[in-house]
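Scroll down for the structure; my scribbles are underneath it.
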Amino acid sequence: MSAQENEKRTAKEVFDDIPFPLKIVVIVGTLFIFYTIYHIIFVSFQTREVELRPALLRVIMNATSKGVFDPAVATDGKFSLMVVTNAYEETNGLFGTNVALAVSYKNCETWAPLGVLFEGRADTLMGPDFKTPVGNGIWRAETAGIVYDPADTGREWKAYAYRYFWSGSAPLARLYSVITMRTASNPLEMKDWSREEWVFAAKPGTPPAPYNRVGTHLNTLHTDLADVYFYARPSVAMVGDVMVMSLSAFVQGKDTVDRVIMLASTDHGRSWRYLGTPLRDSELVGIDPSLTRLGGASIFVQEDVLYISFALGNAASDAAGAYIFAFEDAGTGKLARDAATGKLVPVSEVKTLRQPPSKLGGGHITYAKTCGKGTIFSESLDNKRFDLFFLPRAPVPHK
């Protein structure tokens, strides 16, 4: 048969002339090619869709809740506990906040409420003479942290929160503010948590009498802290047998966070030492020229490595996502920098779900090893209330 006649033959005629064993090879090979194309186009696309679809977390089953935010998770390897700030409206028109406790037994994707760990309390603030009323308001509790410390028998679980008196006056709230703590050995029973203990304030005399019952004044730990007016947003993690805490530090004359500091304790939180200051708001422009606001931080351990995540904002949004950094030296709170440029470069970012972010935005995250490949993220999508979302990716992706 000539080459010209062969070119005119149909695919069926060519296939009919192939020996039977080779026909099987051709059929199987063709099916494999189609399967590969299907897998690449359909299955991979479907997987990407799942990864990009965050789940709204129902943590507080309370219709009166006006929003939940600032999550923190710790685990003992069997179950995970999460503290979360819950906002609600008081009868006097003021908003209160309390810290609720929830439990998850699998993957941090579903949570059951356990109760209120740090309550909001209506009160009349009294002056230093113990009898002159200063004002009526609410002792708010919010922005909590939680840690599991297995070597501290009877106090294995520790939760910290920022507490302050709110009457509508920001200066009064900053003066009457503390970091408070509760502990438990059996954390699933709310009655087993210890009484609240005020552990930190900035300096002697704050809060003023008769509320000056604070264990440690942090400004006395190091001269770097001398100008701090008050502290907020405790975040806690165990690194080996050392408890590490980050705190937002505020100075007078500035409404936003001036810097984030770090502390460490080798005796289960009974005493603390100053490690260093990982980030100041003056350094934000070196990360991204558009960044103008330091919204606070959270620390977490992923695969035995300590990371710190900052909620950073710009002119359009108070918190435009989470910027996660590694440490060059966690013992001094020093962040890793780019070897070539010397700049602070995030090892990962968790962007807000809404793009561009709302004015309130989002960026406060939490993670524990029981969450697997998932990150819990706080964001306001509608610019009115905050909610929690489960993002199906770890904070720092595998390389």
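Structure summary
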| read-out | value |
| --- | --- |
| Residues of region 202-235 satisfying the condition of being open to solvent by less than 40 Å² (accessible area, probe 1.4 Å) and among the small types (Gly, Ala, Ser) | 202, 209, 232, 235 |
| Failed item in (1) under 18 Å from residue 57 (Cβ atoms); (2) basic (Lys, Arg); (3) modelled with pLDDT of 95 or more, with residue 293 passing the rest | (1) |
| Qualifying residue in region 376-386 (condition: on the phi < 0 side of the Ramachandran plot, open to solvent by less than 20 Å² (accessible area, probe 1.4 Å), among the small types (Gly, Ala, Ser) and touching a Leu at 6+ places or on another chain (Cβ under 7 Å)) | yes |
| Every residue from region 231-266 that is under 27 Å from residue 285 (Cα atoms), of a type in the set (Gly, Ala, Ser) and modelled with pLDDT of 95 or more | 232, 235, 246, 248, 249 |
| Restricting region 127-178 to residues that are surrounded by fewer than 22 Cβ atoms within 10 Å (Cβ to Cβ) and of a type in the set (S, T, N, Q), the residue that is farthest from residue 369 (Cα to Cα) | 132 |
| Some residue of region 348-357 being closer than 15 Å to residue 307 by Cβ and open to solvent by 30 Å² or more (accessible area, probe 1.4 Å) | yes |
| Residue list for region 177-214, restricted to those being part of a helix (DSSP H, G or I) and among the acidic types (Asp, Glu) | 192 |
| Within region 295-309, considering residues that are open to solvent by 20 Å² or more (accessible area, probe 1.4 Å) and of a type in the set (Val, Ile, Thr), the one nearest to residue 147 (Cα to Cα) | 301 |
| From 319, 315, 340, residue being closer than 20 Å to residue 247 by Cα and among the small types (Gly, Ala, Ser) | 319 |
| Residue that is nearest to residue 82 (Cα to Cα) [pool: residues in region 359-373 that are modelled with pLDDT under 95 and not in a helix (DSSP H, G or I)] | 372 |
| Breaking point among (1) over 25 Å from residue 234 (Cβ atoms); (2) in contact with a Lys or Arg (Cβ under 9 Å, 6 or more places away or on another chain), for residue 312 | (1) |
| Criterion violated by residue 326 - all others in (1) closer than 30 Å to residue 273 by Cβ; (2) modelled with pLDDT under 95 satisfied | (2) |
| Of all residues making up region 81-110, the number that are within 16 Å of residue 67 (Cβ to Cβ) and either surrounded by 14 or more Cβ atoms within 10 Å (Cβ to Cβ) or free of Cβ contacts under 8 Å to residues at least 24 places away in the same chain (or both) | 15 |
| Residue satisfying all of: in region 387-399; more than 19 Å from residue 60 (Cβ to Cβ) and not aliphatic (A, V, I, L, M); most open to solvent (accessible area, probe 1.4 Å) among these | 399 |
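The values are calculated or read from the model by the stated rules, or taken from the named source; none is laboratory data. Because the structure is a prediction, the values reported are computed rather than measured. Because the Cβ atoms are built from the backbone with ideal geometry, glycine has one as well, and the counts that use them run over all protein chains shown. Areas reflect the complete protein model, heavy atoms only, side chains present, ligands, DNA and RNA absent. Shrake-Rupley method; radii C 1.70, N 1.55, O 1.52, S 1.80 Å.
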